[in-house]
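Notes to accompany the following structure.
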Amino acid sequence: MQIMLEQLQETRKKLMESFAGLSDLQLNQAPGSGSWSIAQVLHHVQQNRVLFYFPCKQGIE
């Protein structure tokens with residue numbers, strides 16, 4: 001389980017770094033009607049981290 005949590009943390013870090021240079025407009029512009037913007041996707045990733053990663057980490061400790 002610890003290895004999986006470390007991989008999730010590393011993947012999240014790489015994901016956030018890959019979008020670091022984008023402007024607010026680029027982050028918030030959805031590609032089409034009914035589609036999510038990059039910012040919405042990143043927010044969803046963060047929510048899942050709170051709901052999954054932290055409880056699992058606490059369970060290991």
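The values are calculated or read from the model by the stated rules, or taken from the named source; none is laboratory data. It should be emphasised that the depicted structure is a prediction, and the values quoted were computed from it without experimental measurement. Positions of Cβ are generated from backbone atoms using ideal geometry, with glycine treated the same way; all protein chains shown enter the neighbour counts. Accessible surface areas use protein heavy atoms only, side chains included; no ligands, DNA or RNA. Shrake-Rupley method; radii C 1.70, N 1.55, O 1.52, S 1.80 Å.
Observations on the model:
- Solvent-accessible area, 1.4 Å probe, carbon plus sulfur percent, for the chain: 57 percent
- The chain - Kirkwood radius from inverse mean 1/r over Cα pairs (Å): 12.9 Å
- Using alpha-carbon coordinates, inclination of helix 2-18 to the longest axis of the chain, degrees: 20 degrees
- Over the chain, DSSP H runs of length four or greater, each weighted -39,500 (n - 2.57), average out per residue to a 222 nm ellipticity of -19000 deg cm²/dmol.
- Compared with the direct C-alpha span, the chain from Gln29 to Glu17 gains 2.5 nm at full extension, assuming 0.36 nm per residue.
- Those residues of the stretch 27-61 whose amide nitrogen sits under 19 Å from the label point placed on Leu5, 7 Å along Cα→Cβ: 46-61
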